[in-house]
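In what follows, a structure is listed as structure tokens, so that the remarks can point back to it.
Read the figures in this text as sums done on the coordinates, not as results from a lab. Note that the structure is a prediction, hence the values are computed from the model and not measured. Glycine gets a Cβ as well: all are built from the backbone with ideal geometry, and neighbour counts include every protein chain shown.
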Amino acid sequence: MKGRQSDQYFAVQTSEDATSKEGFLEKGQTRYQYEASFWQRHKMMVLAQLVILGLWTLIMYFVALQINSLSIHGPDLIHFAREAIFWEERKFKLGDTIQEDSIYSGRPSQELDRAWHDLLNVENIRVDSDTMKHLGREQIGVRIPGEENFIGTLNVYHEIHCLKRIHQYMYQDHYFPDIDDSQREMNRLHNEHCIDFLRQSAMCHGDVGLITFEWSPTNLIPIANATTHQCVNWEKLDQWTRERSVDMLQPGWLVHPTLGPAFPMGEGDKIGAATGHVHGP
Ligand SMILES: *[C@@H]1O[C@H](CO)[C@@H](O)[C@H](O)[C@H]1NC(C)=O
């Protein structure tokens, strides 16, 4: 009687159904029925929770992807070369100090000329015809001889090209020893173009890295003290460009449709303004 009572007590507590009988096996069965009925009763709710959890995970995954692509690739406005763009925070070498210790600045030297040449030598690249079609330029673009592809240059190389010109303009006697007055005027105009191009480029990039100021013991006015810059990873972009680079200046390689070889001597116009904008080395 005592045993029976305890069985009943157990059955009521676990299954809320009073059909339980005597014996250890029965107790086990009761417990099994209890679990099966819990699943039966809550199945829909558990499944619904799982579906909601899955949906949230999916939504969060796509939001994370979006944020990731914005911070790494920047806004998705220009598709060409997009895969080469990775944003990062950088410190500039040599900070804000007034100096000429960069390999790209200072008085003319073979080392300096070589550095500028190496930086710009890859500037002209192969552009696929789909991109040219997208730009509506496949009828007027300059084709690579014997290919469906065209020749192009990323803006950033045009900027560097302009800086090189301005540097050379500072040492005209060295870089343009034999030019006449009209060429000198053309050179001046070309550099004015470059300065305005670089102004628009800086305003276009909008580097929002902050410059703070500090007092110097010897200067009455506060001096600038840079922090970091918002940059693309240059090594990755330059590598991407180098892999697509074409040497447009090979003597006789590029031929004008009616006027003949564009670079018969393998070099561009030094003043670079006589026949429009030539990207020479
Ligand atoms: C600017 O600040 C840094 C510390 O962040 C310091 O090392 C540097 O000398 C400061 N001055 C200049 C002119 O860069």
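Kindly provide the set of residues from the range 162-210 that are in a helix (DSSP H, G or I), closer than 17 Å to residue 117 by Cα and either aromatic (Phe, Trp, Tyr) or touching a helix residue (DSSP H, G or I) at 6+ places or on another chain (Cβ under 6 Å) (or both), ordered by number. Listed by number, the residues that qualify are 162, 164, 165, 166, 168, 169, 175.
Rundown of residues vs (1) free of Cβ contacts under 8 Å to residues at least 40 places away in the same chain; (2) more than 16 Å from the ligand (Cβ to nearest atom); (3) crowded, with 16+ Cβ neighbours inside 10 Å, yes/no style:
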| position | (1), (2), (3) |
| --- | --- |
| 51 | yes, yes, no |
| 63 | yes, yes, no |
| 94 | yes, no, no |
| 97 | yes, no, no |
| 106 | yes, yes, no |
| 116 | no, yes, yes |
| 157 | no, yes, yes |
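Consider the range 135-155 and keep the residues that are under 24 Å from the mean Cα position of the chain (by Cα) and in contact (Cβ under 8 Å) with a residue 24 or more places away in the chain. The one that is surrounded by the fewest Cβ atoms within 10 Å (Cβ to Cβ) is 155. Looking for something away from the ligand (no atom under 16 Å from the Cβ), under 25 Å from residue 98 (Cα atoms) and not in a loop (DSSP other than H, G, I, E, B) - is there at least one such residue anywhere in the range 232-243? So far as the range 232-243 goes, yes, one or more of its residues are away from the ligand (no atom under 16 Å from the Cβ), under 25 Å from residue 98 (Cα atoms) and not in a loop (DSSP other than H, G, I, E, B).
Okay, residues lined up against (1) charged (D, E, K, R); (2) within 16 Å of the ligand (Cβ to nearest atom):
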{"site": "179", "(1), (2)": "no, no"}
{"site": "187", "(1), (2)": "no, no"}
{"site": "202", "(1), (2)": "no, no"}
{"site": "207", "(1), (2)": "yes, no"}
{"site": "210", "(1), (2)": "no, yes"}
{"site": "226", "(1), (2)": "no, yes"}
{"site": "259", "(1), (2)": "no, no"}
